[in-house]
1. Scan segment 64-102 residue by residue and report those that are of a type in the set (S, T, N, Q) and assigned to a loop (DSSP other than H, G, I, E, B).
2. Residues being farther than 15 Å from Arg45 by Cβ and touching a helix residue (DSSP H, G or I) at 6+ places or on another chain (Cβ under 8 Å): count how many of those fall in segment 129-163.
3. Give the residue that is modelled with the highest pLDDT, with candidates limited to residues of segment 21-51 that are buried (at least 17 other Cβ atoms within 10 Å of the Cβ) and over 21 Å from Met100 (Cβ atoms).
4. What pairs can you find where one residue is in segment 74-87 and hydroxyl-bearing (Ser, Thr, Tyr), the other is at pLDDT 95 or above and part of a helix (DSSP H, G or I), and their Cβ atoms are less than 8 Å apart, with a gap of 6+ or different chains?
5. Considering each of Val65, Val96, Val106 in turn, give the residue that is surrounded by 15 or more Cβ atoms within 10 Å (Cβ to Cβ), without any contact (Cβ under 8 Å) to a residue 12 or more places away in the chain and over 20 Å from Asp47 (Cα atoms).
6. Given (1) at pLDDT 95 or above; (2) in contact with an Asp or Glu (Cβ under 8 Å, 6 or more places away or on another chain), where does Gly145 come up short, assuming only one miss?
7. Here are some residues: Trp137, Trp125, Trp114. Which one is among the hydrophobic types (A, V, I, L, M, F, W, C), part of a loop (DSSP other than H, G, I, E, B) and either at pLDDT below 95 or surrounded by 13 or more Cβ atoms within 10 Å (Cβ to Cβ) (or both)?
8. Tally time: how many residues in segment 125-163 are over 14 Å from the mean Cα position of the chain (by Cα) and in contact (Cβ under 8 Å) with a residue 24 or more places away in the chain?
Amino acid sequence: MWRFRSSAPPLVWIFCDGGLGMAEYETPPPGVVLPLHAGCGALARGDDGAILDWAWRTLPSVTSVEAEYAGLLLGTELAHRIRPREICFVMDSATVVGQMTGRYAVNSRNLRRWRERVCVALSPWPDARFRHVPRAWNALADALGRQAGLPWEALRAELEKEM
């Protein structure tokens, strides 16, 4: 008997992160002035660990928790492109994971709006899971978020000085 098999991966792990740019980590070399912005990143992995998709985005001025939610929203965009049957979002933000799972209250009006946007984006996956991990386990999404915190125009101008 022939059965239809979906090409959608059964389980996708989406690593998400957001932050306030490189200022959290290090300063640029002497003489280099780069304005630092918030950024977020997301990386989708198949159940076998293969990287399926990734993205980063520069953000306007936001708080660190809002940047984490922006990373989660970016992760939902990856999910919509990949269309997995199951999703587990992996984040190093205990606050966002706690709020998404209902363990923490969402007292801020701004964060409630961020959470509502994520819930709408995740409506095709009502059983989406969330896992909190140490930052070291989220290194690739963290790096994408840091890269996004470097505004391309200023970075490119610095790089072209040597050409």
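1. Ser93
2. Residues meeting the conditions: 7.
3. Applying the filter and picking the extreme gives His37.
4. From residues that are hydroxyl-bearing (Ser, Thr, Tyr), the pairs are Thr76/Val118; Thr76/Ala121.
5. From the options Val65, Val96, Val106, the qualifying one is Val106.
6. (1)
7. Trp125 is the lone residue from the list that is among the hydrophobic types (A, V, I, L, M, F, W, C), part of a loop (DSSP other than H, G, I, E, B) and either at pLDDT below 95 or surrounded by 13 or more Cβ atoms within 10 Å (Cβ to Cβ) (or both).
8. Within segment 125-163, residues that are over 14 Å from the mean Cα position of the chain (by Cα) and in contact (Cβ under 8 Å) with a residue 24 or more places away in the chain number 11.
The values are calculated or read from the model by the stated rules, or taken from the named source; none is laboratory data. As the structure is a computational prediction, the values presented were derived from the model and not from experiment. A quick note on method: Cβ atoms are made from the backbone with ideal geometry, for glycine too, and the neighbour counts reach across all protein chains shown.
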